[in-house]
């Protein structure tokens with residue numbers, strides 16, 4: 001297996017890497033138009049894996065063109081494990097950048113064998129691609145400056161604070177709806193928001209907390225930021241999948257379950273990936289699992305310990321350990337919004 005202890009390296013060009021990574025590997029839509037079978041590609045000795053290029057801790061293209069981050073470690077483990085189970089050599093890996101808006105198309109067009117790139121499993125996407133996993137359960141959070149003691153909870157934003165997120169971001173709009181006095185600042189990228197936060201131009205950044213933790217643990221920012229939980233400050237009526245549903249006080253703002261996307265019609269490939277993920281989650285002789293070690297190396301021990309403690313608290317609405325192969329959440333019923341609740 002590939003080692004799971006690599007961390008993003010400090011480079012003089014680290015900021016340039018973040019800003020240029022998006023353009024470094026944009027995939028052309030031309031080429032093979034037949035969906036790829038992951039198992040066949042592993043057997044043939046060459047796989048194409050999709051990831052992000054600009055997210056420290058998850059998927060980052062380094063200056064030497066190597067790739068680091070939790071998503072890439074999971075992808076490598078899965079491919080190596082399946083190859084071992086098949087009794088074939090570890091295949092050559094070619095990485096492809098997979099922007100969020102292109103992921104389903106890249107899978108359907110045969111541009112990639114699989115994608116692990118902060119790829120949340122949901123019902124709409126499941127109509128076009130097959131998902132293995134989830135391999136990570138994630139929640140919306142806030143990134144704030146470490147020395148800013150004025151923001152300890154979500155409601156502290158409702159004091160005229162400036163909140164940053166990417167243009168059109170649903171998480172930011174959710175916060176704005178709950179806390180109307182928040183001043184929402186929209187940037188083109190999360191790296192731009194992080195720099196604005198560091199320079200004091202905004203007070204907080206919101207998106208998936210593991211993305212925030214990756215930035216907080218990135219070498220050039222280490223010690224500058226901390227991640228704050230986001231829960232509903234009161235019962236709220238929100239729109240989910242086109243329906244008005246109830247979110248109770250104390251519930252997470254959003255629950256995102258990251259999965260590995262692949263082409264439909266290859267159930268054996270999905271099963272093989274789920275088997276590999278379950279193996280990665282199983283503690284070995286060290287007392288911890290390769291999955292936990294990969295997460296710690298990617299976002300830092302401090303953040304992982306916090307996530308574990310939060311999930312272990314009595315009656316916690318948070319989960320730490322994912323359940324690969326369990327997609328029952330896609331069909332779980334929601335609580336209708338009671339009359340009179342805004």
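Out of the residues in region 40-69 meeting the condition of being without any contact (Cβ under 8 Å) to a residue 60 or more places away in the chain and in a loop (DSSP other than H, G, I, E, B), tell me which one is surrounded by the most Cβ atoms within 10 Å (Cβ to Cβ).
Across region 40-69, the extreme among qualifying residues is 53.
On the given criteria, is residue 224 modelled with pLDDT of 90 or more and surrounded by fewer than 20 Cβ atoms within 10 Å (Cβ to Cβ)?
On the way: modelled with pLDDT of 90 or more: yes; surrounded by fewer than 20 Cβ atoms within 10 Å (Cβ to Cβ): yes.
It is true that residue 224 is modelled with pLDDT of 90 or more and surrounded by fewer than 20 Cβ atoms within 10 Å (Cβ to Cβ).
Select from region 132-168 the residues that are part of a helix (DSSP H, G or I) and either touching a helix residue (DSSP H, G or I) at 6+ places or on another chain (Cβ under 8 Å) or surrounded by fewer than 13 Cβ atoms within 10 Å (Cβ to Cβ) (or both) and list them in ascending order.
154, 157
Please indicate, with yes or no, whether at least one residue in region 305-313 is modelled with pLDDT of 95 or more, more than 21 Å from the chain's Cα centre (by Cα), more than 30 Å from residue 35 (Cβ to Cβ) and part of a helix (DSSP H, G or I).
yes
In the list 129, 78, which residue meets the criterion of being surrounded by fewer than 24 Cβ atoms within 10 Å (Cβ to Cβ) and outside the structural domain of residue 213 (by TED's automatic domain parsing)?
Among 129, 78, only 129 is surrounded by fewer than 24 Cβ atoms within 10 Å (Cβ to Cβ) and outside the structural domain of residue 213 (by TED's automatic domain parsing).
Just give me the residues in region 85-113 being more than 28 Å from residue 166 (Cα to Cα) and touching a helix residue (DSSP H, G or I) at 6+ places or on another chain (Cβ under 9 Å), in sequence order.
Within region 85-113, 85, 86, 88, 89, 90, 91, 93, 113 meet the criteria.
Look through 334, 298, 309 and report the one residue that is surrounded by 11 or more Cβ atoms within 10 Å (Cβ to Cβ) and in contact with a strand residue (DSSP E or B) (Cβ under 7 Å, 6 or more places away or on another chain).
334
Mind checking which residues of region 276-295 are in a loop (DSSP other than H, G, I, E, B) and either crowded, with 18+ Cβ neighbours inside 10 Å or free of Cβ contacts under 8 Å to residues at least 40 places away in the same chain (or both)?
Within region 276-295, 282, 283, 284, 285, 286, 287, 288, 289 meet the criteria.
Based on this model, can you work out whether residue 73 counts as in contact with a strand residue (DSSP E or B) (Cβ under 9 Å, 6 or more places away or on another chain), in a helix (DSSP H, G or I) and either in contact (Cβ under 8 Å) with a residue 12 or more places away in the chain or within 15 Å of residue 131 (Cβ to Cβ) (or both)? So that I can check it myself, show each step before the final result.
Numbers: in contact with a strand residue (DSSP E or B) (Cβ under 9 Å, 6 or more places away or on another chain): no; in a helix (DSSP H, G or I): yes; either in contact (Cβ under 8 Å) with a residue 12 or more places away in the chain or within 15 Å of residue 131 (Cβ to Cβ) (or both): yes.
No: the conditions fail for residue 73.
Can you name the condition, by its number, that residue 316 falls short on among (1) modelled with pLDDT of 95 or more; (2) touching a helix residue (DSSP H, G or I) at 6+ places or on another chain (Cβ under 7 Å); (3) assigned to a loop (DSSP other than H, G, I, E, B)?
All conditions pass for residue 316, except number (1).
Return only the number of the condition from (1) outside any helix (DSSP H, G or I); (2) more than 17 Å from the chain's Cα centre (by Cα); (3) modelled with pLDDT of 95 or more that residue 273 does not satisfy.
Against the list (1) outside any helix (DSSP H, G or I); (2) more than 17 Å from the chain's Cα centre (by Cα); (3) modelled with pLDDT of 95 or more, residue 273 comes up short only on (1).
In this structure, is residue 111 more than 15 Å from the chain's Cα centre (by Cα) and in a loop (DSSP other than H, G, I, E, B)?
Yes: the conditions hold for residue 111.
Name, by its number, the condition in (1) on the phi < 0 side of the Ramachandran plot; (2) touching a residue at least 24 places away in the same chain (Cβ under 8 Å) that does not hold for residue 309.
Every condition holds for residue 309 apart from (2).
Evaluate region 245-259: report whether one residue or more is over 30 Å from residue 182 (Cβ atoms), at pLDDT 95 or above and either assigned to a loop (DSSP other than H, G, I, E, B) or within 20 Å of the chain's Cα centre (by Cα) (or both). Give the derivation first.
Residues of region 245-259 over 30 Å from residue 182 (Cβ atoms): 259.
Going one step further and asking which of them are at pLDDT 95 or above, we end up with 259.
This time we only want the ones that are either assigned to a loop (DSSP other than H, G, I, E, B) or within 20 Å of the chain's Cα centre (by Cα) (or both), so: 259.
Checking region 245-259: at least one residue is over 30 Å from residue 182 (Cβ atoms), at pLDDT 95 or above and either assigned to a loop (DSSP other than H, G, I, E, B) or within 20 Å of the chain's Cα centre (by Cα) (or both).
May I ask you to verify whether residue 322 is in contact (Cβ under 8 Å) with a residue 40 or more places away in the chain, in contact with a strand residue (DSSP E or B) (Cβ under 8 Å, 6 or more places away or on another chain) and crowded, with 17+ Cβ neighbours inside 10 Å?
For residue 322, the condition - in contact (Cβ under 8 Å) with a residue 40 or more places away in the chain, in contact with a strand residue (DSSP E or B) (Cβ under 8 Å, 6 or more places away or on another chain) and crowded, with 17+ Cβ neighbours inside 10 Å - is met.
Test each condition in (1) modelled with pLDDT under 90; (2) surrounded by 16 or more Cβ atoms within 10 Å (Cβ to Cβ); (3) touching a strand residue (DSSP E or B) at 6+ places or on another chain (Cβ under 6 Å) for residue 191 and report the one that comes out false.
(3)
Condition check: within 18 Å of the chain's Cα centre (by Cα) and at pLDDT 90 or above. Does residue 202 satisfy that?
Judged against the criteria, residue 202 is not a match.
Here's a check for you: in region 81-102, which residue that is within 21 Å of the chain's Cα centre (by Cα) and surrounded by fewer than 16 Cβ atoms within 10 Å (Cβ to Cβ) is farthest from residue 272 (Cα to Cα)?
Selected residue: 101.
The values are calculated or read from the model by the stated rules, or taken from the named source; none is laboratory data. These figures come from a predicted structure and were not determined experimentally. FYI the Cβ positions are ideal-geometry reconstructions off the backbone, even for glycines, and counts take in every protein chain you see.
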